[in-house]
Amino acid sequence: MRNCLKRLGCIAIVLPVAGCTLLPNASSSCEEAQPYEAARQAEPLRVPTGADQPDTRAALQIPEVKTPEFPPTPGHCLDLPPAFGPSAQANAGAAATSGEGAVVPAASGRTMELGMGSGKPWETRLGVNYLNTTDIDFDGGTTAEFDSSVGFMVGIGYDLSDHFEVGANFTYYERDYEADVAGDVPGEVFPVSGGIDSMGAMFDLTYNMMTGPFTPFLTTGVGWNWVDTRIPTEPPQVGCWWNPWYGYICSGFQDTKTVDGLAYELGAGARYRFNEAISLSGSYRMVWVDFKKADGTPSFDGFQLVLGWGF
């Protein structure tokens, strides 16, 4: 009984394996002449004179193929796509010969990569910036601590090559601060607090280390930064003007202290391109601003998240 069971088990294992070799190969006759190869293009339908002509506006237009035919994979039917990529070309050789004897160069460079040079060199940028807390010392002993803040960025970029990209960005922040202002008497300090408005324009150069959908990158830039301290520099004033619909309109305004200076940055991050149009990048950046009356060159660091749209 046990011997019978062993024999039946061996048969059950061998039959499925052997059955694969007994079945006909669907692509074994691909290289043989097929009836459809004798088909020829028929002349278009001709309507007799005097009869209504058909509406051909929705007719299917078959474009003329002008590029050489890509060599199929040996032993596979036409319903199976040919191997695509450098590895397949290495097996197929540097070139293949078509039916008419023309030499078809190997398409080793045709890779399905969505990176730089994907056909959309221009890119609009919309981003969010996060700045860490920053301490700044000024001449005379005044110190200020700027709280962390979230701002926004808009810009545009252009691909110079598969690795290099140039761009221009505009940033805006609102930041609160607490400062100890040094008085005229040595050791005299006046604590103050408030907020500032910061705007910056930056031209950058980015180096993408890879050409695929995902790539790390390094970036550097130079620009200008403006800061409105919101500290009044003169008494409030009132101005009025005539509106043809509402009559005279009056409002108050007050000049405030503003400072500006040269800015430059360094950063590193990574980018992922979802398709030819949309990409997402994140980076860490350090920005230095050459403010007057500051002790040294103040530095600001933070993180940037940018959504890109190619066109």
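Distance between the 7 Å Cα→Cβ label points at GLU37 and LYS257: 8.9 nm. Taking 0.36 nm per residue of separation and subtracting the current Cα-Cα distance, fully stretching the chain between VAL181 and TRP245 would add 18.3 nm. With the simple model of a label 7 Å out from the Cα in the direction of the Cβ, ASP295 to LEU307 spans 4.3 nm. Along segment 154-165 the Karplus relation, 6.51 cos²θ - 1.76 cosθ + 1.60 evaluated at θ = phi - 60°, assigns HN-Hα couplings of 10, x, 9, x, 9, 7, 6, 7, 5, 10, 9, 9 Hz to successive residues, with x for each Gly and Pro.
Applied to segment 218-226, the Karplus parametrisation 6.51 cos²θ - 1.76 cosθ + 1.60 on θ = phi - 60° returns per-residue 3J(HN,Hα) values of 10, 9, 9, x, 9, x, 9, 10, 10 Hz, with x for Gly and Pro.
Farthest towards the positive end of the charge dipole of segment 163-308, among the residues TYR173, PHE303, TYR246, is the Cα of PHE303, using unit charges on the Cβ of Lys, Arg, Asp and Glu.
This model, with +1 at the C-beta of Lys and Arg and -1 at the C-beta of Asp and Glu, gives segment 215-311 a dipole about its Cα centre of some 200 debye.
Name the shape class, rounded, prolate or oblate, that the alpha-carbon gyration tensor gives for segment 166-311, where a ≥ b ≥ c are the square roots of its eigenvalues, rounded holds for a/c under 1.5, and otherwise prolate holds if a/b is larger than b/c and oblate otherwise. It is oblate, given that a/c is not under 1.5 and a/b is not larger than b/c.
Here, each number is a calculation from the coordinates, and none is a lab measurement. Values in this document were obtained by computation on a predicted structure and should not be read as measured data. Here Cβ is always computed from backbone atoms with ideal geometry, including for glycine, and neighbour counts include all displayed protein chains.
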